[in-house]
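Presented below is the structure to which this report refers.
The values are calculated or read from the model by the stated rules, or taken from the named source; none is laboratory data. What you are looking at is a predicted structure, and each value in this text was computed from that prediction instead of being measured. Cβ coordinates were reconstructed from backbone atoms using ideal geometry, including for glycine residues, and neighbour counts include every protein chain displayed. Protein only, heavy atoms only, side chains kept; ligands, DNA and RNA dropped before computing areas. Shrake-Rupley method; radii C 1.70, N 1.55, O 1.52, S 1.80 Å.
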Amino acid sequence: MTDNLQLTHLVDACRWIGAKGWAPATGGNMSVRQDEHLCWLSESGKDKGSLTTKDFLQVEIATNRAPSGRTPSAETGLHTLIYRLFPEANAVLHVHTVNATVLSRLVKEAELNISGFEMQKSLTGQTTHQDTVAIPVFDNDQDIDALASRIAHYAQERPLNYGFLLRGHGLTCWGRNVAEARRHLEGLEFLFECEMRLRQLERV
């Protein structure tokens, strides 16, 4: 269950994300869970680097409806899906970083497999660089309900941890609280940049 403090932490995280240029041109969306029924989601069309707590809308997790009548993000259904799939998830961050966006187009398989990097240990449960971290890659879709359905089907058959990439779109990741979601975002972004540089070097 989230409280006003967690929403304040999310605002701080959004400003950090904005300062890094990871949600350009009002892109991206972020949320925290209020309880099993409701979450707080960033309003559509807002610059993520200058959000305040007033720029978050209460959204019903089961229906994607915003009782206030204001407009939540177009990708509301991805946030609520994560909260339904993972009861332990209490914060979701969706960003449009260059590394995540470009790498998502370079990976032709259904997953990006990362191994050999010490920074894999920034992800909860990872204890060694020798493991392989699999980040699913889904084709982008303007039909969010259809996209959410494909992600849910994947989660029924394969582990879905930390986050996923959308081709040509960006990264969505989550955590048990804002701090963990933020750590996952920063860790994954570092790993994506390493993968990008390795691929560039391999082409030289």
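Per-residue HN-Hα couplings for segment 130-136, Karplus 6.51 cos²θ - 1.76 cosθ + 1.60 at θ = phi - 60°, whole Hz, x for Gly and Pro?
Rounded to whole hertz, the list is 7, 6, 10, 9, 9, 10, x.
Counting Lys +1, Arg +1, Asp -1, Glu -1, what net charge surrounds P136 among other residues with beta carbon under 9 Å of its beta carbon?
0
How large is the dipole of segment 45-204 about the Cα centre if only Lys and Arg carry +1 and Asp and Glu carry -1, each at its Cβ, rounded to the nearest 20 debye?
Computed charge dipole of segment 45-204: roughly 280 debye.
How much of the accessible area of the chain, in percent, comes from carbon and sulfur atoms when a 1.4 Å probe is used?
C and S atoms contribute 49 percent here.
Counting only residues 5 or more places away or on other chains, whose amide H sits under 5 Å from the amide H of E111 once H atoms are built in the peptide plane?
Under 5 Å from the amide H of E111: V137.
Excluding residues on the same chain fewer than 8 positions from K46, give the lysines whose Cα lies under 30 Å from its Cα.
Within the straight-line cut-off, K46 pairs with K20, K54.
Percent relative contact order of the chain, based on C-alpha pairs within less than 8 angstrom and at least six residues apart?
Computed over the chain, the figure is 21 percent.
Can you tell me, using C-alpha contacts under 8 Å and at least 6 residues apart, the relative contact order of segment 28-92 as a whole percent?
35
Using a 1.4 Å probe and counting only protein heavy atoms, arrange K20, K54, K48 so the residue with the most accessible area comes first.
K54, K20, K48
With a sphere of radius 14 Å drawn around the Cβ of R197, what net charge do the other residues whose Cβ falls strictly inside it have (Lys, Arg +1; Asp, Glu -1)?
Computed value for this residue: -2.
Could you give the length gained on full extension between K54 and L85, defined as 0.36 nm per residue of separation minus the Cα-Cα distance, in nm?
Separation in residues times 0.36 nm, less the Cα-Cα distance, equals 8.4 nm.
What is the Rg over Rh value, at two decimals, for the chain, using alpha-carbon atoms and the Kirkwood definition of Rh?
Computed over Cα atoms, the ratio is 0.95.
Once you treat every alpha carbon in segment 11-93 as an equal point and sum by Debye, what is log10 I(q)/I(0) at q = 0.11, 0.13, 0.15, 0.25 Å⁻¹?
Once normalised to I(0) and log-transformed, intensities are -0.25, -0.35, -0.47, -1.20.
Rolling a 1.4 Å sphere over the protein heavy atoms, what is the accessible area per residue of the chain, to the nearest Å²?
For the chain, the solvent-accessible area averages 48 Å² per residue.
I'd like the accessible area for W16: 1.4 Å probe, protein heavy atoms, all chains in place, Å² to the nearest 10.
Estimated to the nearest 10 Å², W16 gives 40 Å².
Positive end of the charge dipole of segment 50-177 (Lys, Arg +1 and Asp, Glu -1 on Cβ, about the Cα centre): tell me which of N64, F86, G125 has its Cα farthest that way.
Toward the positive end, the furthest listed residue is N64.
For segment 27-114, which GluC sites (Glu not before Pro) are both in a DSSP coil and crowded by at most 16 other Cβ atoms within 10 Å?
Qualifying residues, ordered by number: E36, E88, E109.
Using the Karplus curve 6.51 cos²θ - 1.76 cosθ + 1.60 with θ = phi - 60°, what ³J(HN,Hα) values do you get for each residue of segment 70-87, in whole Hz, with x for Gly and Pro?
Residue by residue, segment 70-87 yields 6, 9, x, 4, 4, 9, 3, x, 6, 5, 5, 4, 4, 5, 6, 6, 10, x Hz.
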